[in-house]
1. Place a label point 7 angstrom from the Cα of E78 along the Cα-to-Cβ direction, then list the residues of the stretch 116-141 whose backbone nitrogen is under 15 Å away.
2. With just the Cα atoms of the chain, tell me how far they stretch along each of the three principal axes, in Å, largest first.
3. Counting helices only, and only those DSSP H runs with n ≥ 4, report the 222 nm mean residue ellipticity of the chain as the sum of -39,500 (n - 2.57) divided by its residues, in deg cm²/dmol to the nearest 500.
4. Please report the accessible area of C140 (heavy atoms, 1.4 Å probe, ligands and nucleic acids excluded) in Å², nearest 10.
5. What length, rounded to one decimal in nm, is gained on full extension from I148 through to L164, with 0.36 nm per residue of separation minus their alpha-carbon distance?
6. Residues with amide H under 5 Å of L112's amide H, sequence separation 5 or more or different chain, H placed in the peptide plane at 1.01 Å from N; which?
7. Find the accessible area per residue for the chain; the probe is 1.4 Å, ligands and nucleic acids are left out, and the unit is Å².
8. Just to make sure I understand: if all protein chains stay in place, what is the order of V160, V16, V113 by accessible area at 1.4 Å, largest first?
Amino acid sequence: MRLKNNMISQNNIEKVRNLYLIKKLFEKSVSSLYTNDSTLIELKMEQASQARIFYYMQRDIDNLNEYKILREYDLDCEYNHLGYGKKTTLRKPKGSRPDIILHKRKRKDNLLVIEIKINKSAENDIIKLEDYTNQDGDYCYLLGILLIIKKQKPEFIYFVNGALIKMENS
(Lines give C-alpha, C1' and ligand atoms only; values in the text may rest on other atoms or scores of the structure.)
Protein backbone atom coordinates (compact mmCIF):
# COMPACT_ATOMS: atom_id res chain seq x y z
CA MET A 1 0.00 0.00 0.00
CA ARG A 2 2.79 2.40 0.85
CA LEU A 3 4.42 1.91 -2.56
CA LYS A 4 1.14 2.73 -4.30
CA ASN A 5 0.82 6.00 -2.37
CA ASN A 6 4.38 6.95 -3.30
CA MET A 7 3.63 6.24 -6.96
CA ILE A 8 0.55 8.46 -6.88
CA SER A 9 2.53 11.19 -5.18
CA GLN A 10 5.32 10.92 -7.79
CA ASN A 11 2.73 11.08 -10.58
CA ASN A 12 1.25 14.26 -9.09
CA ILE A 13 4.71 15.80 -8.75
CA GLU A 14 5.40 15.03 -12.41
CA LYS A 15 2.08 16.62 -13.46
CA VAL A 16 2.86 19.80 -11.54
CA ARG A 17 6.37 19.92 -13.02
CA ASN A 18 4.93 19.51 -16.55
CA LEU A 19 2.27 22.13 -15.86
CA TYR A 20 4.87 24.77 -14.97
CA LEU A 21 7.17 23.75 -17.82
CA ILE A 22 4.34 24.09 -20.35
CA LYS A 23 3.26 27.40 -18.84
CA LYS A 24 6.83 28.70 -19.07
CA LEU A 25 7.16 27.58 -22.71
CA PHE A 26 3.92 29.34 -23.68
CA GLU A 27 4.67 32.56 -21.86
CA LYS A 28 8.16 32.65 -23.43
CA SER A 29 6.62 32.20 -26.88
CA VAL A 30 4.14 35.02 -26.27
CA SER A 31 7.01 37.22 -25.10
CA SER A 32 8.79 36.46 -28.39
CA LEU A 33 5.64 37.53 -30.26
CA TYR A 34 5.59 40.88 -28.45
CA THR A 35 9.35 41.38 -28.99
CA ASN A 36 9.64 40.25 -32.62
CA ASP A 37 6.18 40.65 -34.16
CA SER A 38 4.63 43.75 -32.60
CA THR A 39 3.21 44.77 -35.99
CA LEU A 40 0.87 41.79 -35.87
CA ILE A 41 -0.41 42.96 -32.50
CA GLU A 42 -0.84 46.56 -33.70
CA LEU A 43 -2.80 45.33 -36.73
CA LYS A 44 -4.89 42.99 -34.52
CA MET A 45 -4.02 39.96 -36.63
CA GLU A 46 -5.20 37.07 -34.46
CA GLN A 47 -4.44 34.13 -36.75
CA ALA A 48 -1.03 35.46 -37.77
CA SER A 49 -0.18 36.01 -34.09
CA GLN A 50 -1.33 32.46 -33.34
CA ALA A 51 0.93 31.13 -36.10
CA ARG A 52 3.95 33.00 -34.71
CA ILE A 53 3.31 31.73 -31.18
CA PHE A 54 3.05 28.21 -32.60
CA TYR A 55 6.37 28.72 -34.42
CA TYR A 56 8.15 29.94 -31.26
CA MET A 57 6.78 27.04 -29.22
CA GLN A 58 7.86 24.43 -31.79
CA ARG A 59 11.28 26.06 -32.17
CA ASP A 60 11.92 25.94 -28.43
CA ILE A 61 10.63 22.39 -28.01
CA ASP A 62 12.92 21.24 -30.84
CA ASN A 63 16.01 23.20 -29.84
CA LEU A 64 16.15 23.75 -26.09
CA ASN A 65 17.04 20.88 -23.76
CA GLU A 66 14.83 22.39 -21.09
CA TYR A 67 11.79 21.32 -23.16
CA LYS A 68 13.06 17.99 -24.54
CA ILE A 69 10.52 16.03 -22.45
CA LEU A 70 7.82 17.65 -24.62
CA ARG A 71 9.29 16.31 -27.88
CA GLU A 72 7.28 13.11 -27.60
CA TYR A 73 4.11 15.20 -28.00
CA ASP A 74 2.61 16.77 -31.11
CA LEU A 75 2.05 20.50 -31.32
CA ASP A 76 -0.92 21.26 -33.60
CA CYS A 77 -2.92 24.30 -34.73
CA GLU A 78 -6.68 24.26 -35.33
CA TYR A 79 -6.84 20.51 -34.59
CA ASN A 80 -10.49 19.40 -34.60
CA HIS A 81 -10.36 15.62 -34.21
CA LEU A 82 -10.71 13.15 -31.37
CA GLY A 83 -8.92 10.16 -32.84
CA TYR A 84 -10.79 9.73 -36.11
CA GLY A 85 -13.94 11.55 -35.00
CA LYS A 86 -14.88 15.19 -34.66
CA LYS A 87 -13.73 17.05 -31.52
CA THR A 88 -16.84 17.95 -29.50
CA THR A 89 -17.64 18.68 -25.86
CA LEU A 90 -20.82 18.50 -23.80
CA ARG A 91 -21.41 22.22 -24.24
CA LYS A 92 -20.05 22.34 -27.81
CA PRO A 93 -21.74 19.32 -29.46
CA LYS A 94 -21.47 20.74 -33.00
CA GLY A 95 -17.70 20.65 -32.84
CA SER A 96 -14.81 22.67 -31.58
CA ARG A 97 -11.38 23.58 -32.84
CA PRO A 98 -8.78 24.82 -30.33
CA ASP A 99 -6.22 27.32 -31.62
CA ILE A 100 -3.14 25.37 -30.42
CA ILE A 101 -2.79 22.05 -28.62
CA LEU A 102 0.08 19.96 -27.29
CA HIS A 103 -0.98 16.33 -27.25
CA LYS A 104 -0.39 12.82 -28.58
CA ARG A 105 -2.49 12.27 -31.68
CA LYS A 106 -5.15 9.53 -31.52
CA ARG A 107 -4.57 9.09 -27.77
CA LYS A 108 -5.99 10.58 -24.61
CA ASP A 109 -2.65 12.11 -23.59
CA ASN A 110 -3.31 15.84 -23.70
CA LEU A 111 -1.08 18.43 -22.08
CA LEU A 112 -2.07 21.89 -23.30
CA VAL A 113 -5.01 23.56 -25.02
CA ILE A 114 -4.80 27.24 -26.00
CA GLU A 115 -7.35 29.78 -27.17
CA ILE A 116 -6.16 33.18 -28.41
CA LYS A 117 -8.18 36.37 -28.72
CA ILE A 118 -7.49 39.94 -29.80
CA ASN A 119 -10.23 42.41 -28.80
CA LYS A 120 -13.06 39.89 -29.05
CA SER A 121 -15.43 38.31 -26.58
CA ALA A 122 -13.90 35.23 -24.98
CA GLU A 123 -17.06 33.71 -23.46
CA ASN A 124 -17.14 30.88 -25.99
CA ASP A 125 -13.45 30.12 -25.39
CA ILE A 126 -13.89 30.00 -21.63
CA ILE A 127 -16.56 27.32 -22.06
CA LYS A 128 -14.26 25.32 -24.36
CA LEU A 129 -11.30 25.54 -21.97
CA GLU A 130 -13.43 24.49 -19.00
CA ASP A 131 -14.65 21.48 -20.99
CA TYR A 132 -11.24 20.54 -22.41
CA THR A 133 -9.53 20.61 -19.00
CA ASN A 134 -12.33 18.80 -17.14
CA GLN A 135 -10.72 15.58 -15.91
CA ASP A 136 -14.10 13.79 -16.10
CA GLY A 137 -14.53 14.77 -19.76
CA ASP A 138 -13.28 13.31 -23.03
CA TYR A 139 -10.01 15.26 -23.31
CA CYS A 140 -8.50 15.82 -19.84
CA TYR A 141 -5.98 18.45 -20.88
CA LEU A 142 -3.55 19.16 -18.07
CA LEU A 143 -3.60 22.92 -18.69
CA GLY A 144 -5.80 25.32 -20.64
CA ILE A 145 -4.75 28.88 -21.40
CA LEU A 146 -6.81 31.74 -22.73
CA LEU A 147 -4.47 34.39 -24.13
CA ILE A 148 -5.95 37.82 -24.62
CA ILE A 149 -3.56 39.83 -26.76
CA LYS A 150 -3.58 43.48 -25.78
CA LYS A 151 -1.53 46.31 -27.20
CA GLN A 152 0.82 46.79 -24.23
CA LYS A 153 0.97 43.36 -22.60
CA PRO A 154 -0.82 40.03 -22.76
CA GLU A 155 -3.40 38.71 -20.33
CA PHE A 156 -3.17 35.02 -19.41
CA ILE A 157 -6.14 33.12 -17.97
CA TYR A 158 -5.42 29.57 -16.83
CA PHE A 159 -7.69 26.52 -16.52
CA VAL A 160 -7.01 23.30 -14.61
CA ASN A 161 -9.52 20.55 -13.84
CA GLY A 162 -12.33 22.38 -15.64
CA ALA A 163 -11.96 25.58 -13.63
CA LEU A 164 -10.30 28.95 -13.92
CA ILE A 165 -7.30 29.18 -11.59
CA LYS A 166 -4.91 31.90 -10.48
CA MET A 167 -1.29 31.41 -11.55
CA GLU A 168 1.47 33.99 -11.43
CA ASN A 169 3.12 34.87 -14.74
CA SER A 170 6.72 33.73 -15.09
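The values are calculated or read from the model by the stated rules, or taken from the named source; none is laboratory data. Note that the structure is predicted; figures quoted are calculated from it, not measured. Methodologically, a virtual Cβ is constructed for each residue, glycine included, from the backbone with ideal geometry; neighbour enumeration extends over all protein chains shown. In case anyone asks, the SASA skips ligands and DNA or RNA and just uses the protein heavy atoms, side chains included. Shrake-Rupley method; radii C 1.70, N 1.55, O 1.52, S 1.80 Å.
1. 116
2. The Cα atoms of the chain stretch 58, 39, 30 Å along their principal axes.
3. -13500 deg cm²/dmol, from helical runs alone.
4. 30 Å²
5. 4.3 nm
6. Excluding prolines and chain starts, which carry no amide H, the hits are L102, L142, L143.
7. Accessible area per residue, the chain: 58 Å².
8. Correct descending sequence by accessible area is V16, V160, V113.
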